[in-house]
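The values are calculated or read from the model by the stated rules, or taken from the named source; none is laboratory data. Treat the numbers as computed from the prediction; the structure is a model and nothing was measured. Quick reminder, even Gly has a Cβ in these numbers, built from the backbone with ideal geometry, and neighbours come from all protein chains shown. The protein model used for the area step is the full one, side chains on, heavy atoms only, and it has no ligands, DNA or RNA in it. Shrake-Rupley method; radii C 1.70, N 1.55, O 1.52, S 1.80 Å.
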Amino acid sequence: ASVEREKHPNVRTLFFGAATPNGPVDFIDHITEDVGKRYIVKGSAGSGKSVMMKKIGRHAEDRGFSVEYYQCAFDPNSTDMVLIPDLNVAICDGTDPHAVDPSRSGDEIVDMFERCMDPAVEMDRAEDIREAHTSYKYSMKRATQCLSEAQKKRAELATFYTRATDFHAVEKRKDEIITDILCLNGANRS
């Protein structure tokens, strides 16, 4: 099937998730719920997932298609998903902390380890890889704990300010600003 190029393709950079006080959260399934074909890329850090997705996105851009790039919340220089709406295609990183597994027709796994990695590296560096993975998991758990503690402290801080706030004065100032905006809008119509 042939898809026409857009006259003004839209290229957007977004995030599909974040680290939260309750752990990592993502909206991959929601964002891609109407996408007919999902390539779910599996592979270790450094296996070329992000590089491949960026190249696919640029290729689509060069052909006049709108592209949505979803950056990694942990490393914004890394791309975790590319969505090409007019082609009804998404390519996403399906590894932790946003693991995605095939769950519907149109899902296809792309195993970067199987296709692109030298298995000897994993054997030669097994201990280093294990240590890095353990350190990463610990750091993610600790980050979640820190975010949870920050959320509690923010709630505590909010109670101090809530008690000290004159909400009548806030409401009055809001009304003044709305009046100012409406006057500006009326002045621009003249």
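Condition (residue is touching a helix residue (DSSP H, G or I) at 6+ places or on another chain (Cβ under 7 Å), open to solvent by less than 60 Å² (accessible area, probe 1.4 Å) and modelled with pLDDT under 95) applied to the stretch 70-79: is it met by at least one residue? There is at least one residue in the stretch 70-79 that is touching a helix residue (DSSP H, G or I) at 6+ places or on another chain (Cβ under 7 Å), open to solvent by less than 60 Å² (accessible area, probe 1.4 Å) and modelled with pLDDT under 95. Taking the conditions (1) modelled with pLDDT under 95; (2) in contact with a helix residue (DSSP H, G or I) (Cβ under 6 Å, 6 or more places away or on another chain) in turn, ILE91 satisfies each one other than (1). So which residues in the stretch 95-116 are farther than 18 Å from LYS55 by Cβ and of a type outside the set (D, E, K, R)? Within the stretch 95-116, THR95, PRO97, HIS98, ALA99, VAL100, PRO102, SER103, SER105, GLY106, ILE109, PHE113 meet the criteria. The residues listed here are VAL89, VAL110, VAL82; of these, the one that is closer than 18 Å to GLY36 by Cβ, in contact with a Gly (Cβ under 6 Å, 6 or more places away or on another chain) and not acidic (Asp, Glu) is VAL82. Here is the figure for the stretch 65-81: residues that are within 9 Å of the chain's Cα centre (by Cα) and hydroxyl-bearing (Ser, Thr, Tyr) total 3.
Filtered by the rule that a residue be exposed (fewer than 13 other Cβ atoms within 10 Å of the Cβ) and either under 27 Å from PHE65 (Cα atoms) or under 9 Å from the mean Cα position of the chain (by Cα) (or both), the stretch 12-28 gives ARG12, THR13, LEU14, ALA18.
In the stretch 59-84, what count of residues is obtained for those that are free of Cβ contacts under 8 Å to residues at least 24 places away in the same chain, closer than 23 Å to LYS141 by Cβ and of a type in the set (D, E, K, R)? Of the residues in the stretch 59-84, 1 are free of Cβ contacts under 8 Å to residues at least 24 places away in the same chain, closer than 23 Å to LYS141 by Cβ and of a type in the set (D, E, K, R). Taking (1) outside any loop (DSSP other than H, G, I, E, B); (2) over 29 Å from ARG63 (Cα atoms) in turn, SER103 satisfies each apart from (1).
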